[in-house]
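The values are calculated or read from the model by the stated rules, or taken from the named source; none is laboratory data. Given the structure is predicted, the values throughout are model-derived calculations rather than measurements. Methodologically, a virtual Cβ is constructed for each residue, glycine included, from the backbone with ideal geometry; neighbour enumeration extends over all protein chains shown. Keep in mind that these areas ignore ligands, DNA and RNA; they rest on the heavy atoms of the full protein, side chains included. Shrake-Rupley method; radii C 1.70, N 1.55, O 1.52, S 1.80 Å.
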Amino acid sequence: MRALALFSGGLDSLLAMKLVKDQNIDILAVYIDTGFGSKNEKIDQLKKSCLSIDVPLKVLDIKKDFLDEVLFDPKYGYGKNFNPCIDCHGFMFKHTKKLLKLYDASFMISGEVLGQRPMSQRKEAIGQVAKLSGDEDDIIVRPLSAKLLNITKPERLGWIDREKLLDIEGRSRARQLKLVEQFNITHFESPSGGCLLTDMSFSQRLAEFVKYDKLETNDIDTLKVGRHFRLENKAKLIIGRNQDDNIKMEKITNPKYLKFVVQDVPGPLCMIEKKANMQDKQVASKIAITYAKTKPNQSYQTTIDETTFSDTKFENKDLVHRYII
């Protein structure tokens, strides 16, 4: 018997897998990569967590499907920010369900805890998720809260023992942390590393972006890094805040943008939209010079798309802040 587990990388989904694995069920962890799971690359962390309980990991990259099917037209709307949590969970189960036959699995599990999330982990929301996922066979098990929910097919048919599942409810993690000690789990992700769509500042940045452009999968990573500016003629400018940002931006491949730096001084890596006109490129150059290690009243150069600009830094950063998103 095998189950596919929706694995976010967090403690709850790790414990859910452990509870079911200990009933002699083979588990395959499935990480659904929508692009919004974290600001940082987390695959190595996911692998370490799975390794700690001896479970293999499958990464399912469905960023485009998420943009096309969920993000901008959720049936059950958004939470406090740009987070379509109910539709997102249904979407994840729907796409995981497609893998059941491929991996000879019989059911799915999740680390959801009843009452932990105000939007997606209410009893009503769990029923809505089931409808969206197409779970007509009733094969989604939530091991941490199973005893508080209706019995599922895997429990009815004796594939798993309901009495060995739990009745955790609410936002406290006290019982989960006791289970960590009981199972001797040494590696799991902090609860603070959740979905970016629930983050207010990221959601605002995303909402601002879609006023001016169609969001494509290549744009997701650009939204995660740097300071973002909207220039006079509506071109987007991104400037790295630190070395970590510079490294991430160096790896980004997005045909919408040009990369540039201030010449001959330490400073940020910058990205500006290719469609920017000459005026916006000039302003972008001046902003980049302002954030680089430059001196007042001294001229510096940047080269953007084979055009070289010479300028001084802004004497007053308030003149820069008017462009910040």
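With a simple spin-label model that places each label point 7 Å from the Cα along the Cα-to-Cβ direction, the separation between Glu208 and Ser172 comes to 4.1 nm.
The orientation-averaged projected area of the convex hull spanned by the Cα atoms of the stretch 1-160 comes to 8.9 nm².
Applying the criteria of a DSSP loop state and at most 16 other Cβ atoms within 10 Å to the trypsin sites (Lys or Arg not before Pro) of the stretch 133-192 yields Arg171, Arg173. Computing Rg and the Kirkwood Rh from the Cα coordinates of the stretch 210-325 gives a ratio, Rg/Rh, of 0.93.
When the accessible area of the stretch 49-151 is split by element with a 1.4 Å probe, what percent falls to carbon and sulfur?
Accessible surface attributable to carbon and sulfur in the stretch 49-151 totals 51 percent.
Each residue, Lys274 and Lys94, gets one label point 7 Å from its Cα in the Cβ direction; the gap between the two is 3.3 nm. Note on Gln23 and Glu306: the model spin-label points, each 7 Å out from Cα along the C-beta direction, lie 6.6 nm apart. With the helix formula -39500 (n - 2.57) applied to DSSP H stretches of n ≥ 4, the chain reaches a computed 222 nm mean residue ellipticity of -9500 deg cm²/dmol. Once C-alpha pairs closer than 8 Å and six or more residues apart are averaged by separation and normalised to the residue number of the chain, the relative contact order reads 15 percent.
Find the relative contact order for the stretch 80-160 and round it to a whole percent, using C-alpha pairs within less than 8 Å whose residues are 6+ positions apart.
Computed value for the stretch 80-160: 34 percent relative contact order.
Taking the square roots of five times each eigenvalue of the Cα gyration tensor of the chain, the equivalent ellipsoid has semi-axes of 46, 19, 17 Å, listed largest first.
A 1.4 Å probe run over the chain, with the rest of the protein chains in place, finds 49 Å² accessible per residue. With a threshold of 22 Å on the Cα-Cα distance, the over-threshold entries among Lys98/Lys251; Lys48/Lys97; Lys123/Lys147; Lys39/Lys251; Lys259/Lys313 are Lys98/Lys251; Lys48/Lys97.
Remark: the Tyr103-Val59 segment gains 14.5 nm on full extension, using 0.36 nm per residue and subtracting the alpha carbon distance.
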